[in-house]
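**Student:** I'd like to ask some things about the structure below.
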Amino acid sequence: MADAQRAEPVDAEALEEAAEWLMCMSAGDVTDAQQADWLAWRNSSPARASAWQRAERLMGKLGGLPPALSMPALDRPADPGRRALVSRLALLLALAPASWAGWRLTEQQGWAADYRSGIGERLDLTLADGTQVVLNTDSAIDVRFNAGERFIRLLRGEILVQTAPDIVVPARPLWVGTREGRMQALGTRFTVREFGGRTYLAVIEGAIRIEPGNADHLARRVVQAGQRADFDARTIAAPRPADEAVTAWTQGMLLADKMRLDAFVAELARYQRGFIRCDPGIADLRVSGAFPISDPRRTLSMLESTYALRVEAHMGGYWTMLAPR
Amino acid sequence: MSDVLPSPDNHIRNVEALYTGHQGWLHAKLRRRLGNAVDAADLVQDTFTRILASKAVVFDEPRAYLSCVAGGILANWCKRKSLERAYLAALEHLPAPEVPSPETRLLILETLHEIDAMLDTLPPLVRRAFLLSQLAGMKYEAIAEQLGISLITVKRYMKQAFVQCLRLVD
C-alpha cells in the first residue's frame, strides 16, 4: 500500500490528552510538578509518545511563524475587503508588537523604542555624537539628545556604552536612565542591564555616578573602573570587582566560572525563544567555560558532552529541558 | 474499492478522453468565474492532475464529475489566494529591516497554508481564540476579555483547536 506510511495510526484518546497538555502549556508558565506529570504521561505508552510527536511538529510549525505576518494572514476576514484588512492590520500592529527576529510571548515593551534588538540578536549603533552603543539580546533603548544633555534610556535588556568626546562645546553630560534611576558617564566604557526591578552596572574604563530615582543625593555613589554595582530606586549595593565575563556578550560569548547550572540556564534563556529549564536535581551543578550565545544549540551540545546531563528538546526546540543523565 | 481495478493504461486513456472532450468547456466555465484565462488554465491543469492521480474509473457524467472536482479545487484556490493577498499586505506593512528574505517568505507562506487548512473547519471564534494565543501570544484571560467569553470557554476552544490541529498535522 502506497498510503501505509501516511496512515500512521493515531490513538484518539492520546491525541485528546496531548491537546489538553498543549492547552495547559499555552496558558503560561508550567510548574515543575506539571512538567513532571507531563513527562510521566508522555513516557507511559507508545501511543502517547506518538501523539506528543505530533504536538511537537505542530508547535514547531507554529513557533516558526512571525506573528506580524501570520496574524493578518490567518485571521483575515472571510471576505477580505482591502480596506477592512488594512485598518485591522494597523490595529494589530499597534496592539501586538511583533518583530520578526525578536518576538517574545508577553513582552510588549520596546515596540515604540528608538532601537531594539530581537532575542538572540546583537545590534551595534553609533549615535549622532559618535558614542557607540551595543544592544545585547532582547534589548531596547530610546535616545534623546538636546542642547543641554545626551540621554540614553534603557527600556529593557542590556547595553554596552563607549562614550565619545561630545561634538558640542561645552560637552553635554551623557546619562543612561533606567526605571531605577540614572547614571552619569564620567568615563568611557560601561555596561548597563535592566533586570527584575534592578539595574546592574559594570564599569570597564573611567567612572560612573549612580543616582537612584527615589533617593536623595546622599545615596549617590561613584563606581570606578573594574567595579560593578547594582541598585534599585532607593539603594545601591556595595560595589564588587567586575571581571571580563560582564562584557563577554559583546564578543558573542557567555563566560562561566563555576557558575551554578540554574543561573547559567537563566542566562542562556535570554538568548533564545521559548522555555529552557533545568531539572532541580542538577541545579547546583557547576559549569565553567566559554559558550557561543549566538548558537544556543551548540552551547547545549557542549554542555551535554562535558557534564553529566542530557538535553531534551521539545516542541520543535521551543521547550528545552536539561535533565540528569 | 471497486471490484474491477482498471489497468494504469486504461486509466490514463480514460482521462485523456475526458481531457480532449471537455477541457475546453471546463476552461471556459472557470474563465467566466475567475475573469482571467491564465488562472483558469492553471485550475484546469490542477483538475486533470487530481483526476489522473485518483482511482476514479468510469466517467458516466463527465461534465458533472468535472464540475465537482473543479469546484473543490476552485474553492481551495480562492482560499489560498485570499491568504496570499493578506500575507502580501502584511509584508508591505512590515518595517524594512524586519522583512524576511524571499526564501524565508516562501517557507512562511507554505506553513501558513498548512495551518490555514488545519483551522479550516473550526468555528470562527475558536479559530480566533487559538490565533490570539498561539500567534499574538495573549494570555487566556486577555483573550476571554477581548472576545467577551469566559475563561473556561477560552480553554475549551483552545483544546478543541489543538485536537483539530493534532489530527491534521503531518
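**Student:** Mind checking segment B:49-99 for trypsin sites (Lys or Arg not before Pro) that DSSP puts in a loop (not H, G, I, E or B) and that have at most 11 other Cβ atoms within 10 Å?
**Tutor:** Sparse-neighbourhood loop trypsin sites (Lys or Arg not before Pro): B:Lys55.
**Student:** Pick out, from A:Pro46, B:Thr49, B:Thr104, the residue whose Cα sits farthest towards the positive end of the charge dipole of the protein assembly as shown, with +1 on the Cβ of Lys and Arg and -1 on the Cβ of Asp and Glu.
**Tutor:** Highest projection toward the positive end goes to B:Thr104.
**Student:** Can I ask one more? Can you give the % of DSSP beta bridges in the protein assembly as shown that are antiparallel, to the nearest 5? Please list the in-between numbers first.
**Tutor:** On the way: 60 of 68 bridges.
DSSP beta bridges in the protein assembly as shown are roughly 90 percent antiparallel.
**Student:** Where the only charges are on Cβ atoms (+1 Lys, Arg; -1 Asp, Glu), what is the dipole of the protein assembly as shown about its Cα centre, to the nearest 20 debye?
**Tutor:** 860 debye
**Student:** Taking the Cα centre as origin and putting +1 on Lys and Arg beta-carbons and -1 on Asp and Glu beta-carbons, what dipole magnitude results for segment A:252-324, to the nearest 20 debye? Walk me through the intermediate numbers first.
**Tutor:** Numbers: 9 positive and 8 negative charges, 24 e Å.
Dipole of segment A:252-324, to the nearest 20 debye: 120 debye.
**Student:** Same structure again: What shape does segment A:171-325 have by the C-alpha gyration tensor, where a ≥ b ≥ c are the square roots of the eigenvalues, rounded means a/c under 1.5, and otherwise prolate means a/b greater than b/c and oblate the rest? Present the calculation step by step, with values, prior to reporting the outcome.
**Tutor:** Values: a/c = 2.50, a/b = 2.24, b/c = 1.12.
Prolate is the answer for segment A:171-325, as a/c is 1.5 or above and a/b outweighs b/c.
**Student:** Could I ask something else about it? Which whole-number percentage describes the relative contact order of segment A:144-296, with Cα contacts under 8 Å and a sequence gap of 6 or more?
**Tutor:** Working: 315 pairs, mean separation 22.9, N = 153.
Answer for segment A:144-296 is 15 percent.
**Student:** Any idea what the dipole of chain B comes to, in debye rounded to 20, about its Cα centre with Lys/Arg Cβ at +1 and Asp/Glu Cβ at -1?
**Tutor:** Numbers: 20 positive and 19 negative charges, 112 e Å.
Dipole magnitude for chain B comes out near 540 debye.
**Student:** Taking the beta-carbon count within 10 Å as an exposure proxy, list A:Asp37, A:Asp230, A:Asp257 from fewest neighbours to most. Please report the intermediate quantities before stating the final value.
**Tutor:** Values: A:Asp37 14, A:Asp230 19, A:Asp257 10.
The most exposed by this proxy come first: A:Asp257, A:Asp37, A:Asp230.
Taken together, the values in this text are just the output of simple stated rules run on the coordinates, not laboratory data. Bear in mind that the values here come from a model prediction, so they are computed numbers and not experimental data. Glycine also receives a Cβ, built like all others from the backbone with ideal geometry; neighbour counts cover every protein chain displayed.
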